[in-house]
Amino acid sequence: MRLALLTDLHANREAVEACLAHAQQQRVDQYAFTGDFVGYGADPAWVVCTVMDYVAHGAVAVRGNHDHAVTQPARPQMHAEAREVIAWTGGQLDAGQLAFLAALPLTHKNGNAYFVHASAHAPERWEYVTDLDAAERSIRASGSRIVFSGHVHAPALYRRADDGRMGRHVPAAGEAVRLQPQHQYLVLPGAVGQPRDQNNAACYAIFDDAAREIQYFRVPYDHGAAARKVIAAGLPIVFAMRLIEGI
């Protein structure tokens, strides 16, 4: 099975459409969405409706911190501009879309695969996996061979070898990485809707379980149109600039 991995869609219709179209061209069999469907962007209703449709057809979806925030009282840890967008987003979603986000699980396990937005170690704390120690905590807590997550908005691949040694690799666009059966892995596909690695092209990945291979993709899209929508909606201009600059 070829599984498309999309995370941090962040209400960016243009980026989501581009990645889904690209994945279809890659003969994908199924989809997994690892959270943050709303926040930052100007098309939350369209993105949530799209994810709902994919889930209705068998896709995996788990809850991100922005999805959680739009259905719960605001968290003081979230910075003021993000809280402003969350408040606006709540008014853009209907009751069914809000109920869908509220009902999403924090984690999902399917065989040897584990899906979570942030870290499998206390997923409700929304820990950022940005180093070897955090990656090892998530891998060990998952009890799985492979963890698929997001939250950090940049692509990366962590490996825990059978002797316990940890390693990290930042894959190039289009690069396919063969996974060894004796090791454990944590896959960060990068953000669809708001990349932050100084590249404004949308990110996603495909996992081929038969070939035991993960391939990372960068998909150009009309980030200018997405940024103009953010400004037109009256949302903080910083989120429009991030789409242009990829930071």
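I want the local charge near R2. Using Cβ-Cβ distances under 10 Å, sum +1 for each Lys or Arg and -1 for each Asp or Glu among the other residues.
On the way: positive: R27; negative: D29, D208, D209, E213.
It works out to a net charge of -3.
What does the net charge come to around G143 if you take all other residues with beta carbon closer than 15 Å to its beta carbon, with K and R at +1 and D and E at -1? Working shown, then result.
Details: positive: K109, R137, R140, R145, R160; negative: E136.
Net local charge, G143 excluded: +4.
Report the semi-axes of the equivalent ellipsoid for segment 2-245 in whole Å, largest first, where each axis is √(5λ) for an eigenvalue λ of the Cα gyration tensor. Mind dumping the intermediate values first?
Details: eigenvalues 150, 72, 57 Å².
Whole-Å semi-axes of the equivalent ellipsoid: 27, 19, 17.
Rounded to whole Å, give me the distance from the Cα center of segment 119-178 to that of segment 56-118.
21 Å
Quick check on packing: order 202-212, 90-100 by the mean number of other C-beta atoms within 10 Å, highest mean leading.
Values: 202-212: 20.8, 90-100: 14.1.
In decreasing order of mean packing, 202-212, 90-100 become 202-212, 90-100.
Tell me whether segment 131-227 comes out rounded, prolate or oblate; compute the Cα gyration tensor, take square roots of the eigenvalues as a ≥ b ≥ c, and use a/c under 1.5 as the rounded threshold.
Prolate.
Among DSSP beta bridges lying fully in segment 111-220, give the percent that are antiparallel, nearest 5. Please list the in-between numbers first.
Details: 20 of 26 bridges.
If we restrict to bridges inside segment 111-220, about 75 percent are antiparallel.
Grab the Cα-Cα distance for D209 and D53, subtract it from 0.36 nm times how many residues apart they are, and report the gain in nm with one decimal. Working shown, then result.
On the way: separation 156, 0.36 × 156 = 56.16 nm, distance 2.40 nm.
Between D209 and D53, full extension yields an extra 53.8 nm.
Among A15, G111, V192, which residue has its Cα positioned farthest towards the positive end of the charge dipole of the chain, with +1 placed on the Cβ of Lys and Arg, -1 on the Cβ of Asp and Glu, and the dipole taken about the Cα centre?
Final value for the positive-end residue is G111.
How high is the relative contact order of the chain? Use alpha-carbon pairs under 8 Å, at least six apart in sequence, and give a whole percent. If you can, show how the numbers build up before the last one.
On the way: 581 pairs, mean separation 55.4, N = 247.
Result for the chain is 22 percent.
Please list the non-local residues whose amide H lies under 5 Å from the amide H of I146, H modeled 1.01 Å from N, same-chain partners needing a gap of 5 or more.
Y114, Y185
Give me the net charge of E213's neighbourhood, meaning all other residues with Cβ under 11 Å from the Cβ of E213; Lys, Arg count +1, Asp, Glu -1. Intermediate results must be reported in sequence, preceding the final value.
On the way: positive: R2, R178, R212; negative: E175, D208, D209.
Taking every other residue near E213 into account, the sum is 0.
For segment 187-199, in order, what is each residue's ³J(HN,Hα) by Karplus, 6.51 cos²θ - 1.76 cosθ + 1.60 with θ = phi - 60°, in whole Hz (x at glycine and Pro)?
Karplus-based 3J(HN,Hα) across segment 187-199 equals 10, 10, x, x, 8, 5, x, 7, x, 10, 10, 6, 9 Hz.
Bear in mind these aren't lab numbers, they're just calculated from the coordinates by the rules spelled out. Since this is a predicted model, take the numbers as computed values, not measurements. When we count neighbours, we look across all protein chains shown, and the Cβ atoms used for this are built from the backbone with ideal geometry, even at glycine.
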